[in-house]
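Engineer: After the structure tokens below, expect a handful of questions from me.
The values are calculated or read from the model by the stated rules, or taken from the named source; none is laboratory data. Bear in mind the structure is a predicted one, so any value in this text is a computation, not a measurement. Positions of Cβ are generated from backbone atoms using ideal geometry, with glycine treated the same way; all protein chains shown enter the neighbour counts.
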Amino acid sequence: MTKRLEGKIAVCTAAGQGIGRAVAEAFVAEGATVYASDLDAQKLTGLDHAGNAHLASLDVTDSDAVSTYLAGIETPDILFNCAGYVHHGTVLDCDEQAWDFSFDLNVKAMHRMISGLLPRMLEEGGGSIINMSSAASSIKAAPNRYVYMASKAAVVGLTRSIAIDFIKQGIRCNAICPGTIESPSLDGRIAELGKSVGGTEKARAMFIERQPMGRLGRAAEIAALAVYLASDDSAFTTGTTQLIDGGWSL
């Protein structure tokens, strides 16, 4: 590692597994002090053994819990918003509860974290905010991802709004838009799909078949992009939607 984040403070949500875990580990390895949270604090086990990490349970859909948590941490140079949920289905499968939950976790949770930390980041002279969106958003259509696509498209809009409003005040805000990435979340979706298509192996093959590169992405590949966006190497980069989808959106 090149220690590109030496001396920086990072806040990472949903850091217990998958992309969030890979990014938190990469930030620590690059020298950052990382405040890592997850709804299930048990999943954070081991992060503090790798370096300077502070672990906590956090429900990012609970405004009071977020406020309390943010009041107890240092002002970050980096905010990585990773918490999210993939709803499966069309508009006909999306009732108000599913809609509200998807937007609460995928979009409003980012609003809670940003609005709570941005004033402090501005006082310190700026910082980098990185939001997890998806290639399946305003960028690429995917079947049976109605409210997921709608919410991830909203993340793109939120990201660009933050970028333009605070571009002269040292804040950079970018969105990462992955394709299909190997993760525990994907494993769960594969298992669910396998019930209707004849098994998990067939379901996994269906996910792979739609990838032009012939494979799924890896969480470490997303983490490498997140390190770049968090570091001073990307000092001239803001308001972007960084596609990392193996050519799926071509």
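Engineer: With the requirement that a residue be in contact (Cβ under 8 Å) with a residue 40 or more places away in the chain, surrounded by 21 or more Cβ atoms within 10 Å (Cβ to Cβ) and under 27 Å from Asp187 (Cβ atoms), what does the stretch 1-17 give you?
Structural biologist: Ala10, Val11, Cys12, Thr13, Ala14, Ala15
Engineer: Out of the stretch 100-121, which residues are without any contact (Cβ under 8 Å) to a residue 40 or more places away in the chain and either more than 18 Å from Val147 (Cα to Cα) or outside any helix (DSSP H, G or I) (or both)?
Structural biologist: Ser115, Pro119
Engineer: Using the structure shown, decide if Glu25 is surrounded by 16 or more Cβ atoms within 10 Å (Cβ to Cβ), in contact (Cβ under 8 Å) with a residue 40 or more places away in the chain, closer than 29 Å to Ala191 by Cα and of a type outside the set (A, V, I, L, M).
Structural biologist: Yes: the conditions hold for Glu25.
Engineer: Right, next: Looking only at strands (runs of 3 or more DSSP E) that lie completely in the stretch 1-87, which have at least 3 residues being farther than 14 Å from Ser231 by Cα and in the same structural domain as Ile171 (by TED's automatic domain parsing)?
Structural biologist: 33-38, 53-57
Engineer: Looking at (1) outside the structural domain of Ser115 (by TED's automatic domain parsing); (2) free of Cβ contacts under 8 Å to residues at least 60 places away in the same chain; (3) of a type in the set (Lys, Arg), find the lone condition where Arg189 falls short.
Structural biologist: In the conditions (1) outside the structural domain of Ser115 (by TED's automatic domain parsing); (2) free of Cβ contacts under 8 Å to residues at least 60 places away in the same chain; (3) of a type in the set (Lys, Arg), Arg189 misses (2) alone.
Engineer: Count, please, the residues in the stretch 205-250 that happen to be touching a helix residue (DSSP H, G or I) at 6+ places or on another chain (Cβ under 8 Å) and either outside any loop (DSSP other than H, G, I, E, B) or without any contact (Cβ under 8 Å) to a residue 24 or more places away in the chain (or both).
Structural biologist: Qualifying residue count for the region: 16.
Engineer: Any idea which of Arg145, Arg112, Arg160 is buried (at least 16 other Cβ atoms within 10 Å of the Cβ), in contact with a His (Cβ under 8 Å, 6 or more places away or on another chain) and basic (Lys, Arg)?
Structural biologist: Matching residue, one of Arg145, Arg112, Arg160: Arg145.
Engineer: May I pose another question? Mind listing whichever residues of the stretch 122-159 are part of a loop (DSSP other than H, G, I, E, B) and either over 27 Å from Phe207 (Cα atoms) or not assigned by TED's automatic domain parsing to the domain that holds Cys94 (or both)?
Structural biologist: Within the stretch 122-159, Glu124, Gly125, Gly126 meet the criteria.
Engineer: In the set Ala226, Ala220, which member is out of contact with any Gly (no Cβ under 8 Å at 6 or more places or on another chain), buried (at least 21 other Cβ atoms within 10 Å of the Cβ) and of a type in the set (A, V, I, L, M)?
Structural biologist: Of Ala226, Ala220, the one residue that is out of contact with any Gly (no Cβ under 8 Å at 6 or more places or on another chain), buried (at least 21 other Cβ atoms within 10 Å of the Cβ) and of a type in the set (A, V, I, L, M) is Ala226.
Engineer: Is there a residue being farther than 19 Å from Gln17 by Cα and either within 18 Å of the chain's Cα centre (by Cα) or not hydrophobic (A, V, I, L, M, F, W, C) (or both) anywhere in the stretch 174-182?
Structural biologist: Within the stretch 174-182 (the criterion being farther than 19 Å from Gln17 by Cα and either within 18 Å of the chain's Cα centre (by Cα) or not hydrophobic (A, V, I, L, M, F, W, C) (or both)), the answer is yes, since at least one residue qualifies.
Engineer: With (1) of a type outside the set (Lys, Arg); (2) at pLDDT below 95; (3) within 25 Å of Asp93 (Cα to Cα) as the list, and Glu201 as the residue in question, which single condition is left unmet?
Structural biologist: (3)
Engineer: Sticking with this one: Within the stretch 49-79, restricting attention to residues that are under 22 Å from Gly125 (Cα atoms) and charged (D, E, K, R), which residue is farthest from the chain's Cα centre (by Cα)?
Structural biologist: Glu74
Engineer: Within the stretch 59-116, work out how many residues are at pLDDT below 95 and of a type in the set (A, V, I, L, M, F, W, C).
Structural biologist: Going through the stretch 59-116 one residue at a time, the tally reaches 1.
Engineer: Quick one: in the stretch 229-239, of everything that is of a type outside the set (Gly, Ala, Ser) and crowded, with 18+ Cβ neighbours inside 10 Å, which residue is farthest from Val11 (Cα to Cα)?
Structural biologist: Of all residues in the stretch 229-239, those of a type outside the set (Gly, Ala, Ser) come to 229, 232-233, 236-238.
Filter again for crowded, with 18+ Cβ neighbours inside 10 Å, leaving 229, 238.
Numbers: Leu229: 14, Thr238: 19 Å.
If we take residues in the stretch 229-239 being of a type outside the set (Gly, Ala, Ser) and crowded, with 18+ Cβ neighbours inside 10 Å, then Thr238 is farthest from Val11 (Cα to Cα).
Engineer: For the stretch 80-101, enumerate the residues that are of a type in the set (Gly, Ala, Ser) and within 14 Å of the chain's Cα centre (by Cα).
Structural biologist: Across the stretch 80-101, the qualifying residues are Ala83, Gly84.
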